[in-house]
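For reference, the structure is listed below as structure tokens.
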Amino acid sequence: MERKIDLNHVLFLGTYLICMADALLIGLSTFGQLYHASAISLIMRAAAAGIIFLKLLVDSDYTVSSLLYIAISGVVLLITYLRSGYNHVFYLLLFVLGIRNIDIRRVIRADMYMRIVLMLLILFCGMTGIIDNYITYRAGSSELRYSMGFNHPNTLASLVLILILEDAWLRRRKFSAIYMLLIWVIGGVVLIITLNRTAVLLIFLFPLLLFCSERDAANPVTLWKNRLVQSAFILAAVVSIMAMFLSERWGLFNLIDRLMSQRYINAANVYRKYGIPFLGQKVTLVSVKDARELGVSMAILDVSYLRMLIQAGPVVLMFMAAMYMRAAWRAIQLNDRITILILCIFVLFGLSESGANNVYMNFSLLIMAKAMYRADEYDMEYELLTRTV
């Protein structure tokens, strides 16, 4: 019997993998410095947009509520992207519109396999000199950090964290002591190469949280934990905004800011220059490396919540908060502890890394986008997922 091809999944996966090649090869590695890279990136994004539009036409069984949601969210995200040029909003737009009736397992599994291939390609090219391998010093010390072909040492560490979380989400309950020890070994290697703090800390923290979650698996999530998990995104966003305004004046926030390489003071400088738009604005950022080479002041927005607020605007930030709360609520209802854990890990990740706004640095955005559609579709997918582990 011939296997029926699901055109919806083919179109969505095609879009997803095209954008992934664009994001990793051009956006997150030094391949992006090659001749015509920006033109190639534009062609890839145009192709992805065309495919997702075709997927919307092919899709069926739209309800009035889903059509309204697609129309309103699509218009808001499209206007924001056109005004800001922020690629992370573009990816969010495509997958918020296209993820309806899509099996996330297949997407995340394809993501993991292609991520491994692209990362190995970038590592090989970086180590052999085909593309640049940035070697920098840790600020205030003589310790070397290696990007290994990526655009920053932190990028490599973050991508390894993503791979670990994807594998755990797909693996579900098959967590042994050796598996958790292996994660720590990988974290140690990444620390030696990149000297990254945030991603490596989360790599080391994740097995401990897995262990605690498995020990408590038989018990339902308590009410106070429910409230904390559901409000985690909003709490993180509020803390980030407070830190941006108070880090130069209040001792506690100033101490935290110094521990985080002055991310909040840097964000405050960008805020003073640009302010906060309603729906997106162009923001010119200057990395530490570019500032040194060009002799200009740096302009950095490394905190995901502040990057989204200042470049995309409060409407999109609130939309992301609503997606997170919906996904967290569904995961709590299903006692889906691994999804709860991963959502919380990415909330913490966003306090330090703007990559948390990028689907390709934060696959929980796919889970969040999916949860905004029919609850029964989300439930059936969870049942299929847990039945196959």
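The values are calculated or read from the model by the stated rules, or taken from the named source; none is laboratory data. No experiment lies behind these values; they were computed from the predicted model shown. Neighbour counts run over all protein chains shown; Cβ positions are idealised from the backbone, glycine included.
Scanning the range 176-187 for residues that are over 18 Å from MET112 (Cα atoms) and among the aromatic types (Phe, Trp, Tyr) yields one hit, TRP184. Filtered by the rule that a residue be aliphatic (A, V, I, L, M) and surrounded by 15 or more Cβ atoms within 10 Å (Cβ to Cβ), the range 110-143 gives ALA110, MET112, MET114, LEU118, MET119, LEU121, ILE122, LEU123, ILE130, ILE131. For ILE122, the criteria (1) of a type in the set (A, V, I, L, M, F, W, C); (2) over 27 Å from LEU343 (Cα atoms); (3) in contact with a Ser or Thr (Cβ under 8 Å, 6 or more places away or on another chain); (4) modelled with pLDDT under 90 hold in every case but one, which is (4).
Checking each residue in the range 294-306 for being in contact (Cβ under 8 Å) with a residue 60 or more places away in the chain and over 19 Å from MET368 (Cα atoms) picks out VAL303, LEU306.
Among the residues of the range 69-104, how many are farther than 30 Å from THR194 by Cα and touching a residue at least 60 places away in the same chain (Cβ under 8 Å)? I'd like the intermediate steps shown before the answer.
Of all residues in the range 69-104, those farther than 30 Å from THR194 by Cα come to 69-84, 93-104.
After this cut, where a residue has to be touching a residue at least 60 places away in the same chain (Cβ under 8 Å) as well, the list is 69, 73, 76-77, 79-84, 94-96, 98-104.
Final tally of qualifying residues: 20.
When the range 264-277 is limited to residues that are in contact with a helix residue (DSSP H, G or I) (Cβ under 7 Å, 6 or more places away or on another chain) and assigned to a helix (DSSP H, G or I), the one that is farthest from SER352 (Cα to Cα) turns out to be TYR274.
Reported count of residues in the range 5-23, each being buried (at least 20 other Cβ atoms within 10 Å of the Cβ) and either among the aromatic types (Phe, Trp, Tyr) or more than 14 Å from ALA48 (Cβ to Cβ) (or both), is 2. A residue that is among the aromatic types (Phe, Trp, Tyr), surrounded by fewer than 19 Cβ atoms within 10 Å (Cβ to Cβ) and in a helix (DSSP H, G or I) can be found somewhere in the range 179-189. Of all residue pairs spaced 6 or more apart or on separate chains, those with beta-carbon atoms under 7 Å, a first member in the range 194-207 that is assigned by TED's automatic domain parsing to the domain that holds LEU181 and without any contact (Cβ under 8 Å) to a residue 60 or more places away in the chain and a second member that is surrounded by fewer than 21 Cβ atoms within 10 Å (Cβ to Cβ) and among the acidic types (Asp, Glu) are LEU195/GLU143.
When we screen ARG326, ARG307 for residues that are charged (D, E, K, R), buried (at least 19 other Cβ atoms within 10 Å of the Cβ) and within 16 Å of the chain's Cα centre (by Cα), the only hit is ARG307. Taken together, the residues in the range 62-120 that are touching a Leu at 6+ places or on another chain (Cβ under 7 Å) and assigned to a loop (DSSP other than H, G, I, E, B) amount to 1.
Tallying residues that are of a type in the set (Ser, Thr, Tyr) and more than 30 Å from GLY74 (Cβ to Cβ) within the range 279-308 yields 2.
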